[in-house]
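The values are calculated or read from the model by the stated rules, or taken from the named source; none is laboratory data. From a predicted model like this one, the values you see are computed outputs, not experimental measurements. Quick reminder, even Gly has a Cβ in these numbers, built from the backbone with ideal geometry, and neighbours come from all protein chains shown. Heads up: the accessible areas ignore ligands, DNA and RNA and are worked out on the full protein's heavy atoms, side chains in. Shrake-Rupley method; radii C 1.70, N 1.55, O 1.52, S 1.80 Å.
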Amino acid sequence: MKARILVVDDEPQILRFLEPALEASGYAILHAATGREALRLAANAAPDLILLDLGLPDMDGKEALPKLRAFCKAPIIVLSARDREAEKIEALDLGADDYVEKPFAIGELLARLRVALRRAGGVEAKIVIEADGLTLDFDRRLVTRAGAPIKLTPREYDLIALLARNAGRVMTHGQLLTALWGPAHRDDVQYLRVFVGQLRAKIERDPAEPSLIVT
């Protein structure tokens with residue numbers, strides 16, 4: 001099963017940034033642009049985790065937090081441009097599990113999301129994937145072949161993990177670049193080719209004839 005992530009934000013650009021990254025990482029996305037819609041979806045769709053913006057058009061996110069907490073046990077991660085310590089403390093006291101400032105790096109957000117889901121005992125995408133003698137352990141961020149660790153850079157690991165979670169699906173250059181580097185790098189195809197080449201050299205039995213990462 002895919003973990004269901006409820007994104008509560010009224011900024012279209014945030015959704016355009018988050019949606020492909022979350023879907024590419026194996027999550028199902030629900031979206032609410034207002035506090036009222038967030039409360040309705042949280043009650044009816046039972047999300048596994050909520051990403052909550054504080055600046056909603058119909059109510060402040062800090063008003064929505066205790067209302068959500070009254071019936072919803074899912075982890076809540078606040079996404080906000082408000083960087084004052086008092087704002088963070090208040091949001092955490094009102095029931096948030098974590099607080100991430102905008103702008104944020106998608107890799108960090110995904111890591112915080114995985115931690116929150118693990119702590120809550122929620123559903124995550126596949127924990128361990130094996131293919132052609134290669135094993136990916138998502139909990140440990142570890143890639144091995146026949147038990148021997150393969151040394152990858154953080155970006156190389158994020159790339160192979162993203163591809164593994166979408167095994168059997170065609171991933172476009174734009175999807176991969178947006179999910180890993182953000183929408184500003186959507187057209188940097190050569191950048192992606194360099195990383196795929198580096199990754200193939202480390203994980204393929206024969207990089208000249210790849211069987212794991214197929215173009």
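Summary table below
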item	result
Dipole magnitude of the chain, debye to nearest 20 (Cβ charges: Lys/Arg +1, Asp/Glu -1, about Cα centre)	600
Contour excess over end-to-end distance, with Cα ends at D58 and H185 and 0.36 nm allotted per residue	42.4 nm
Whether the stretch 163-205 is rounded, prolate or oblate, judged on the alpha carbon gyration tensor where a/c under 1.5 counts as rounded	oblate
D98 - accessible surface, heavy atoms, 1.4 Å probe, Å² rounded to 10	40
D_trans [Stokes-Einstein, Kirkwood Rh over alpha-carbon pairs] for the stretch 45-99, 4 °C, 1.567 mPa s, µm² s⁻¹	116
R141, R119, R205, reordered so the largest accessible area comes first (probe 1.4 Å)	R119, R205, R141
Partners for K202 among lysines (Cα-Cα distance below 21 Å; same-chain residues under 8 apart left out)	K151
Taking the C-alpha atoms of the stretch 34-183, convex hull volume expressed per residue in Å³	141
19 Å tail of the calculated P(r), the stretch 69-124, as % of Cα pairs	32
Residue among A43, L109, L152 farthest towards the positive dipole end of the chain, charges placed on Cβ	L152
Listed residues V196, V214, V115, V128 arranged by accessible area, highest first, probe 1.4 Å	V214, V128, V115, V196
Proximal lysines relative to K73, as straight alpha-carbon distance under 28 Å, when same-chain residues fewer than 8 apart are discounted	K2, K62, K88, K102, K126
Computed over the chain: relative contact order in percent, which uses C-alpha pairs under 8 Å that are six or more apart	18
DSSP-defined antiparallel bridges as percent of all bridges, the stretch 4-112, nearest 5	5
Potential lengthening between A148 and Q13 on full extension [0.36 nm per residue; Cα-Cα distance subtracted]	44.4 nm
Carbon/sulfur fraction of accessible area - the stretch 27-149, other protein chains in place, 1.4 Å, %	51
Heavy atoms of L176 accessible to a 1.4 Å probe, total area in Å² rounded to 10	10
